[in-house]
There are 2 protein chains.
Amino acid sequence: MSKDSYTLEPVGFVENDFAETRSDPDVFAGTVSHIRVLPRFADGLFRIEGFERLYIIYVFDRSQGFEMIIHPRGDVTRPERGVFATHSPRRPNPVGLTVVELLGVEGEVLTVRGLDAVDGTPVIDIKPCDR
Amino acid sequence: MSKDSYTLEPVGFVENDFAETRSDPDVFAGTVSHIRVLPRFADGLFRIEGFERLYIIYVFDRSQGFEMIIHPRGDVTRPERGVFATHSPRRPNPVGLTVVELLGVEGEVLTVRGLDAVDGTPVIDIKPCDR
């Protein structure tokens, strides 16, 4: 890999009832989603059921472009901030991060609560949230 | 972007006294690092000083290869786990994540405590840790 760019590939995809982007992460707080890990990465879930919470890192693959200074959640009544001081999906690298509650593991499918990503979102990493 | 891969570019780089990879994240817990954001992304830090903690997402650019099932921290006395149940730098996408304490902001340079990344590590995203 060069110092100029890094190429990442999906390790799985989000499955839920949200087909469209939502601006309000509160909508997702109680939502149950599945993460279907690709078969070749399924062994990576071994003993993950021992963790109550996970970090899910994913790509906002439907996000286009970005601005460096924005109103959080597009709400013009909120003071502007730099994009790195927000969770906007429109950012230099369209990477999302959510702490989810792990509800269950069945084969290569995780069931989680609180993932603020829409159906079909590519997941690039899963880590235990243990510290 | 296609569904097969995603290309990310550094938004900045880590500066600290750790030139080599360490297997023990505890070593880094009290370590102060700087993150120098590239000039074209510096506006993205506007008002970030309002947050006590940040998520730093970076690339383990010196990590090579991966195995799906490993002993955490390479310690054979610890039960094996899938790589997604560990923080190993040797993972399908070599992406690292740390919650750091924000100590200060000066121009395009963040001063943080607790970043477990070595000197020169490319940073791909910075987010507030506020929920």
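Identify the residue in segment B:68-86 that is in contact with a helix residue (DSSP H, G or I) (Cβ under 7 Å, 6 or more places away or on another chain) and part of a loop (DSSP other than H, G, I, E, B) and, among all such residues, is farthest from the other protein chains (Cβ to nearest Cβ).
Here the answer is B:ARG78.
Select from segment A:51-67 the residues that are within 9 Å of another protein chain (Cβ to nearest Cβ) and under 16 Å from A:GLY114 (Cα atoms) and list them in ascending order.
A:PHE51, A:LEU54, A:TYR55, A:ILE57
Please indicate, with yes or no, whether at least one residue in segment B:93-106 is out of contact with any strand residue (DSSP E or B) (no Cβ under 7 Å at 6 or more places or on another chain) and farther than 22 Å from A:ILE126 by Cβ.
Yes, segment B:93-106 contains a residue that is out of contact with any strand residue (DSSP E or B) (no Cβ under 7 Å at 6 or more places or on another chain) and farther than 22 Å from A:ILE126 by Cβ.
Just to be sure I understand, how many residues within segment A:64-98 are over 13 Å from the mean Cα position of the chain (by Cα) and touching a residue at least 40 places away in the same chain (Cβ under 8 Å)?
Within segment A:64-98, residues that are over 13 Å from the mean Cα position of the chain (by Cα) and touching a residue at least 40 places away in the same chain (Cβ under 8 Å) number 2.
Conditions tested, residue by residue: (1) in a loop (DSSP other than H, G, I, E, B); (2) at pLDDT below 95; (3) in contact with a Lys or Arg (Cβ under 8 Å, 6 or more places away or on another chain).
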position	(1), (2), (3)
A:PRO10	yes, no, yes
A:PHE13	no, no, yes
A:ASP17	yes, yes, no
A:THR21	yes, yes, yes
A:ASP26	no, yes, no
A:GLY30	yes, yes, yes
A:HIS34	no, no, no
A:ALA42	no, no, no
A:GLU49	no, no, no
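Being of a type outside the set (D, E, K, R) and under 11 Å from the mean Cα position of the chain (by Cα) is the requirement here; does B:LEU103 meet it?
no
Counting only residues that are charged (D, E, K, R) and assigned to a loop (DSSP other than H, G, I, E, B), which one in segment B:101-131 is surrounded by the most Cβ atoms within 10 Å (Cβ to Cβ)?
Checking each candidate, the answer is B:ASP116.
For segment B:87-100, which positions are open to solvent by 20 Å² or more (accessible area, probe 1.4 Å), closer than 27 Å to B:ASP4 by Cβ and not in a loop (DSSP other than H, G, I, E, B)?
Matches in segment B:87-100: none.
Taking B:VAL14, is it more than 10 Å from chain A (Cβ to nearest Cβ), aliphatic (A, V, I, L, M) and open to solvent by 20 Å² or more (accessible area, probe 1.4 Å)?
Answer is no for this residue.
Kindly indicate whether any position in segment B:15-25 is within 26 Å of A:PRO92 (Cα to Cα), of a type in the set (Val, Ile, Thr) and under 14 Å from the mean Cα position of the chain (by Cα).
Looking for residues that are within 26 Å of A:PRO92 (Cα to Cα), of a type in the set (Val, Ile, Thr) and under 14 Å from the mean Cα position of the chain (by Cα), one finds none in segment B:15-25, hence no.
The values are calculated or read from the model by the stated rules, or taken from the named source; none is laboratory data. Please read all numbers here as calculations on a predicted model, not as lab measurements. Cβ: placed from backbone, ideal geometry, glycine included. Neighbour counts: every protein chain shown. Heads up: the accessible areas ignore ligands, DNA and RNA and are worked out on the full protein's heavy atoms, side chains in. Shrake-Rupley method; radii C 1.70, N 1.55, O 1.52, S 1.80 Å.
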